[in-house]
Amino acid sequence: MQNNSILAWWIRNPIAANLAMLILVVAGSMSYLLTIEKEPFPTVRLPIMDVRMTWQGASPRDIEDQIIVRFEEAVKNVEGIKSIVSNAFEGRAQVTITGEERVDRRKFSDDVREKINSVNGLPSDADRPIVTERIKRDQMIRIALHGNINELTLNKLAQEIRREVAALPLITNVDISGNINEEISIQVTEQKLRQFGLSFNEIESAVRNNSINTSAGSVYGETETFRLNVRNRAEKQIDFEKIILRHSADGAILTLGDVATIYDGLAASKRYSSFDGETALLIDVYNGDYMDIVQMSANVREYIKEKIQHLPTGVSLTIWEDWNDAYQSRLDTIFNSALSGLILVFSLLLLFLQPRIAVWVSIGIGTTFAAAFWLLPSFSISLNMLSLFAFMMVIGIVVDDAIVIGESIHKQHELGHHGAKAALLGVQAVAKPVVFGVLTTIIVFMPMAFLPGSTAEFTRTIAIVVMLALAFSLFEALFILPSHLRHLPDDDADNSPSKLALLQQKFADFLAWLGNNVYGPVIDVLLAYRYLVVAVFILVFSLSVKLLNDNFILQSFEPKIEADTIRLNVTLPENVSFERMNQVLNQMNAGQDLLTQHVAKLSLDGNGQFIDHHYSRISGSRISSYLKLVPYEQRIIDTDTATKLLTEYIGDIPDAEEIEFKATLNEREPRVAFMVQSHNLDAMTVAVKELKNHLAEYDDVYLVRDSLARGSKEIMLTMKPGAAALGVSLKDISQQVKQAFYGQEVQRLPREGGDSRVRVHYSRAEREDIDSLYALKIRTRNKIEIPLINLVNIELKPGVSRIQRRDGMKVAWVYADYAGNNLNALKQSIRNEYLVAWAKRHPEVNMDRKGRSRNQDEFMDKVYHYEGLALLIAYVLMAVAFKSYSQPLLIMSAIPFAFTGSIFGHLAHQVYFGAFSMLGILAAAGVVVNDNIVLVDCLNNLRAKGSSPLMAVKAACRARFRAITLTSFTTFVGLIPMLSGDTEQAKFLVPMVVSLAYGIIFATLTTLILTPCLYLIGVDINSATNKAHHLWRHLDKA
């Protein structure tokens, strides 16, 4: 026994091993209780800057020309820009600048701000641009304030609740959804303006000059200083009515109240929101920089319990959405699956290994997880669905090295060694494959921490958890476990064996019999037909590739994350009336009632429920209806079926520009999508229409739509010849038209919840009557009134309500849903048979061939790049360890067959193959590489002792059958609870579980069958090469 060995030191010092284990467990527990964040999903952090600018009353075309083009030109040379996406709406501009994933975010943010703030030539009457760094904030808790009261009272009450909730511990970001801003509207009729000879400019000037609060400095007396202030700002309706517009010579005065009607209340808008049929507003609590969803929920619920007692009669507070419910439910699901998996793993180990080994290996799993918990905050990893799932997934992986070491110590014990010597010999026998196996698995997982896109934080979370767990499992298996296994009981002890020991011996004997009497003879025969075996494996691998390429496997790049809410959004044309929007909302509500009746009929007692609460909202031209579902276990039908029924019950909405039914948390894009680009909006509109008509001709394609917003019709004003001679310019005319119909903002009053605008304009009746335009009088500087129609030509033209741009070009999306089973064939048919001719007919229009697969392509490119680099590093590592160029290739030969197992698993379970599936394949690859390392290391040891290649292969297969079978089977067994679970709470994780579970099973067969055959084929090739070389040398000498 090597006394100077670090392994020997740990084995001889059980106190050090026990203290190390205790420290790791305590540190992990303290981290869980005090440090680690708790949130439903990891917070996604991407380098995105948002630029917003308001130009009241401007059309989208003006917004594009005067604002967006200047912004795009200013920032285009900022280093690290990935894309620039712009939207021009009526009265506002929005530009989103996305940087590369690895860009320096602070520098990127500073550079964008500097460029935007230096833009010149922006409209003088527009607001200043607002540049913000996007921080993804999700609604964690949504509180519905509802009741049969007027909207102004509800609005003020919501502001009060918002302030109080924001003051609660752990809560920093609170907002209100569905509220309407307050406004003071000074409404003047054209008749009053003419009666008193007034203009909008005079009224504006009077308000600005008289409604003021200002400081005028200080005056110094002999003993004290006095500040000079003017406090005459109008705050209420009556204050504005008293503002003097004009004094007459006889002392009479004309006040604002004499000529205008003043409203102090909510701004006029197409807005409405209700909760379960009552007027409502939503108070939204967002995630902050530090998240503890459990405590946040407790704080809010305690506040509501207290606040509800002080609300006005008829007003209620209801928790509309609380992510803590879903968080706890999903975590319970994953935790129970993990616990079940741990119990299954322990039971399996108990059957095939000594009880002491099974107990200490299982305790080692807990120690490993506690140690990983300790370091999670250091890597900014929270306790969320993904991190807990990673722990569950890695149960069977982290136990592998412990099983190999425990089995090796057990074998040394069977060979007659005892105590510390048996422990040391057992560890030394397998230390090399265990260490390099774990390092290889860590290397395979490492690229997941650097993948791009919206899934980056998800994959990073899983990668960090797995790498930490593997690192600590290696430490535990090498230094702590052997100390606990140095006193294994002797098999020939005098005391009679227990029932458990007898049962364990039976299973151990069965596994040994299986290896020697079943697997051994089979592998002997297969080795004799090794070339045929390799051909069969290649054929099966090719079959799996064909199944995927020919769409026999369901495919979706992003996993489907089920939500507890069904969201319905309908967008109507911009010029739609409020009455029409109410009609559509009633149509949607009627469809929901039919769904409720359908569900009730399906239940045995006729009282079955599916919808718990219903929130609806009208905002602008968009109608939204959110259906909060009852808990999953109470639902009679699944969400997908309910969504299809709802679509059928609601029926057609012919004037809708966009209809969206969504029951997932993540953005699941339409299955068919094309992005059209052009500098010419009119040409793009024609091309988009033709493309839509073509898509509608396919039988399985439905719900064809585009992103072009038609908007309302535009009234174009152009000066008549000679009109300028009357003393007015087109600028004067446009200003007075804007004052009359849009209004002139003259002041902003600070109020709770935000500033209230004070606006002067026509009365509401005149603003909503097109005849008012023809009756409008333009007032010159000499106070001459000229009818507008005498100065301009009035022409009606179609307009747009939104213009989209990407990287300097106008863009439009054409998308549709697809009910067939061969999506790739459909896309290829459209591209090859139609788009070529379509492009020739529309030379001013380009088609972005990547479309919405851009992120998918980038993701896959990075996967290939990083994993290729990782496999190269793993190859170098194994080449150095095994002192061979060929053996690392032999070891890595099992990796492709993890993919094959994954494909057959997806086919059997009918789950979608996507990004998470590929991550499961990578995880399986790490496990099977470990098995191959164990086998090849044993084979090398036998060869070093003088065995022939064939005998060494046969002996190694039999010797390592138990270790390889146990490691793979325990990994699979640990995943069974999640694999067999029927719950929506974590269904989106199933593709990864399927890939890992079936990948391991199939790749284990590869290790036990293909790897030995490939080894002997390599020997055959080497032998043939040596013979050929020897023959060549013989001929050369001759």
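For the reader, a short list of remarks on this structure follows.
- The sole residue among Ser624, Ser619 that is over 25 Å from the mean Cα position of the chain (by Cα), touching a residue at least 24 places away in the same chain (Cβ under 8 Å) and surrounded by 15 or more Cβ atoms within 10 Å (Cβ to Cβ) is Ser619.
This table checks each residue for (1) over 25 Å from Gln739 (Cα atoms); (2) in contact (Cβ under 8 Å) with a residue 24 or more places away in the chain; (3) surrounded by 11 or more Cβ atoms within 10 Å (Cβ to Cβ).
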residue: Gln187; (1), (2), (3): no, yes, yes
residue: Ala216; (1), (2), (3): yes, no, no
residue: Gly221; (1), (2), (3): yes, no, no
residue: Phe240; (1), (2), (3): no, yes, yes
residue: Ile253; (1), (2), (3): no, no, yes
residue: Leu256; (1), (2), (3): no, yes, yes
residue: Arg271; (1), (2), (3): no, yes, yes
residue: Glu278; (1), (2), (3): yes, yes, yes
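- Filter pass, Met296 being assigned to a helix (DSSP H, G or I) and farther than 22 Å from Leu168 by Cα: no
- Residue in region 104-114 that is farther than 30 Å from Phe450 by Cα, touching a residue at least 24 places away in the same chain (Cβ under 8 Å) and not basic (Lys, Arg) present: no
- Any helices (runs of 4 or more DSSP H) falling wholly within region 187-266 and containing at least 3 residues that are within 30 Å of Thr780 (Cβ to Cβ) and within 52 Å of the chain's Cα centre (by Cα): 200-210
- Of all residues in region 282-312, those satisfying the criterion of being closer than 21 Å to His613 by Cα and of a type in the set (Val, Ile, Thr) are Ile283, Val285, Val300, Ile304, Ile308.
- Set Ser362, Ser329, Ser340: member being part of a helix (DSSP H, G or I) and assigned by TED's automatic domain parsing to the domain that holds Leu468: Ser362
- Close Cβ contacts (under 6 Å, 6 or more residues apart or on different chains) running from residues in region 295-319 that are in contact (Cβ under 8 Å) with a residue 24 or more places away in the chain to residues that are assigned to a helix (DSSP H, G or I) comprise Ser297/Asn324; Leu317/Ile304; Leu317/Ile308.
- Verdict on Gln66 being within 30 Å of Gly620 (Cα to Cα) and part of a strand (DSSP E or B): no
- Search result, residues across region 644-671 that are among the hydroxyl-bearing types (Ser, Thr, Tyr) and at pLDDT 80 or above: Thr647, Tyr649
- Within region 103-137, if we keep just the residues that are farther than 19 Å from Ile63 by Cα and part of a loop (DSSP other than H, G, I, E, B), the residue that is farthest from the chain's Cα centre (by Cα) turns out to be Asp104.
- Applying a threshold of 9 Å to beta carbon distances and a minimum spacing of six or more residues, or different chains, the list of pairs starting in region 580-597 at a residue that is more than 12 Å from Gly651 (Cα to Cα) and touching a residue at least 60 places away in the same chain (Cβ under 8 Å) and ending at one that is of a type in the set (D, E, K, R) and surrounded by fewer than 19 Cβ atoms within 10 Å (Cβ to Cβ) reads Arg580/Asp655; Met581/Lys270; Met581/Arg622.
- Taking the numbered list (1) under 34 Å from the mean Cα position of the chain (by Cα); (2) of a type outside the set (Phe, Trp, Tyr); (3) surrounded by fewer than 20 Cβ atoms within 10 Å (Cβ to Cβ); (4) more than 23 Å from His487 (Cβ to Cβ) in turn, Met385 passes all entries but (3).
- Each residue in region 126-165 was checked for being of a type in the set (Gly, Ala, Ser), over 25 Å from Tyr742 (Cα atoms) and touching a Ser or Thr at 6+ places or on another chain (Cβ under 7 Å), and 2 pass.
- Tally, over region 896-926, of residues that are farther than 19 Å from Val993 by Cβ and buried (at least 23 other Cβ atoms within 10 Å of the Cβ): 0
- Considered as a group, the residues in region 637-655 that are over 28 Å from the mean Cα position of the chain (by Cα) and at negative phi include one that is surrounded by the most Cβ atoms within 10 Å (Cβ to Cβ), and that residue is Ile650.
- Index of the failed condition, Lys82 passing every other in (1) modelled with pLDDT of 90 or more; (2) within 21 Å of the chain's Cα centre (by Cα): (1)
- Unique match (being among the acidic types (Asp, Glu), in contact (Cβ under 8 Å) with a residue 24 or more places away in the chain, under 25 Å from Ser772 (Cβ atoms) and not in a strand (DSSP E or B)) among Asp732, Asp655: Asp732
- Test: residue in region 70-90 that is buried (at least 16 other Cβ atoms within 10 Å of the Cβ), part of a loop (DSSP other than H, G, I, E, B), free of Cβ contacts under 8 Å to residues at least 60 places away in the same chain and at positive phi: yes
- Matching residues, region 152-186, being out of contact with any Gly (no Cβ under 6 Å at 6 or more places or on another chain), assigned to a helix (DSSP H, G or I) and of a type in the set (A, V, I, L, M): Leu154, Leu157, Ala158, Ile161, Val165, Ala166
- Some residue of region 745-756 being in a helix (DSSP H, G or I) and not assigned by TED's automatic domain parsing to the domain that holds Arg233: no
- Test: Leu532 is at pLDDT below 75, more than 22 Å from Ser408 (Cβ to Cβ) and either in a helix (DSSP H, G or I) or over 50 Å from the mean Cα position of the chain (by Cα) (or both): no
- Set Thr255, Thr214, Thr189, Thr223: member being at pLDDT 90 or above, out of contact with any Gly (no Cβ under 8 Å at 6 or more places or on another chain) and over 30 Å from Arg271 (Cβ atoms): Thr255
- Every residue from region 110-147 that is of a type outside the set (A, V, I, L, M, F, W, C) and under 24 Å from Val285 (Cα atoms): Thr132, Glu133, Arg134, Lys136, Arg137, Asp138, Gln139, Arg142, His146, Gly147
- Every listed requirement among (1) out of contact with any Pro (no Cβ under 9 Å at 6 or more places or on another chain); (2) not charged (D, E, K, R); (3) not in a loop (DSSP other than H, G, I, E, B) is met by Ala683 save one, (1).
- In summary, helices (runs of 4 or more DSSP H) completely within region 889-986 and bearing 3 or more residues that are within 20 Å of Pro433 (Cα to Cα) occur at 915-944, 949-959, 961-980.
- Hey, Ala206 crowded, with 16+ Cβ neighbours inside 10 Å, of a type in the set (Gly, Ala, Ser) and more than 30 Å from Arg580 (Cβ to Cβ) or not: yes
- For region 771-809, the tally of residues that are modelled with pLDDT of 85 or more, in a loop (DSSP other than H, G, I, E, B) and farther than 12 Å from Ile733 by Cβ stands at 3.
- Residues (over 18 Å from Thr132 (Cα atoms) and either under 27 Å from the mean Cα position of the chain (by Cα) or among the acidic types (Asp, Glu) (or both)) located in region 64-78: Glu64, Asp65, Glu73
The values are calculated or read from the model by the stated rules, or taken from the named source; none is laboratory data. A quick note: this is a predicted structure, and the numbers were derived from the prediction, not measured. So basically every Cβ, Gly included, is an ideal-geometry build from the backbone, and we count neighbours across all protein chains shown.
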